[in-house]
Amino acid sequence: MEQFIVRMVREKEDLEGKLKRANNALLKSGELRLDKIQVSLLEEQTEHMKKYLDVLNNRIAYEKKRHGVN
């Protein structure tokens with residue numbers, strides 16, 4: 001597999017982990033004593049992370065197809 005595709009897959013996996021941890025923090029915002037601004041900013045951050053993850057998934061799928069990789 002092309003190296004840049006491998007890097008994108010690793011980046012995607014890393015981002016998925018960060019997104020999961022951010023979502024868990026939102027679920028536990030009361031326990032973590034996050035104030036309203038912190039929660040709002042974390043929600044905004046997770047929305048951007050989701051959009052970036054969608055773009056990465058699309059790029060990976062396109063490049064794999066383009067290079068004949070399953």
Pick from segment 49-70 the residues that are open to solvent by less than 50 Å² (accessible area, probe 1.4 Å) and within 10 Å of the chain's Cα centre (by Cα): which of them is farthest from VAL6 (Cα to Cα)? MET49
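A quick yes/no check of all residues on (1) within 10 Å of the chain's Cα centre (by Cα); (2) open to solvent by 80 Å² or more (accessible area, probe 1.4 Å):
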position	(1), (2)
ARG7	no, yes
LYS18	yes, yes
ASN24	no, no
LYS28	no, yes
GLU31	no, yes
GLN38	no, yes
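The values are calculated or read from the model by the stated rules, or taken from the named source; none is laboratory data. Just so we're clear, the structure is a prediction, and the values are computed from it rather than from any experiment. What goes into the accessible areas is simple: the full protein's heavy atoms, side chains included, and nothing from ligands, DNA or RNA. Shrake-Rupley method; radii C 1.70, N 1.55, O 1.52, S 1.80 Å.
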